[in-house]
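Report on the following structure.
The values are calculated or read from the model by the stated rules, or taken from the named source; none is laboratory data. On a predicted model such as this, the values are computed, not experimentally measured, just so you know. When we count neighbours, we look across all protein chains shown, and the Cβ atoms used for this are built from the backbone with ideal geometry, even at glycine. Quick note on the areas: whole protein, heavy atoms, side chains included, nothing else; ligands and nucleic acids left out. Shrake-Rupley method; radii C 1.70, N 1.55, O 1.52, S 1.80 Å.
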Amino acid sequence: MTLEVKDLGKPDESRTFEHGELDIVELPGVTVGRTVLHPGWRWSNDVKPIVQTESCQQAHTMYVLSGRLHIVMDDGQESEISTGETGVVSPGHDAWVVGDEDYIAIDWSGAATYAAPPR
């Protein structure tokens, strides 16, 4: 049996990048991240230089606490996700904050290696 509780306010790791930050907690079998992206954040401007890929190659399974994010897949599909919504995004996309509110989301699938430099 497993019972473990962690506070995202006291993360195991934090990563910062232009216009945003990611706080991460490691739990048995899952890495959970809280992403805060500020107005003006765009993956292709703020994270691409760190990870050195043409588009975001992370999968995301997320719940949005606040704000709005526009997502464009490499195949041209587009959508927005906003406060109270959940979503799954496959690798191969760009995204940016819409409006003047911080985008804050919890991510269960992309946090472990998001915005980490290549090894």
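Some points to look at:
- Here the gap between Val98 and Asp75, fully extended at 0.36 nm per residue and compared with their Cα-Cα distance, gives a gain of 6.2 nm.
- With all protein chains in place and a 1.4 Å probe, the accessible surface of the chain carries 50 percent carbon and sulfur.
- In the context of the full set of protein chains, residues of the chain present 56 Å² of accessible surface per residue (probe radius 1.4 Å, heavy atoms only).
- Computed about the Cα centre, the dipole magnitude for the chain is approximately 240 debye when only Lys and Arg (+1) and Asp and Glu (-1) carry charge, each at its Cβ.
- The mean of 1/r over all pairs of different alpha-carbon atoms in the chain, once inverted, gives a Kirkwood hydrodynamic radius of 14.4 Å.
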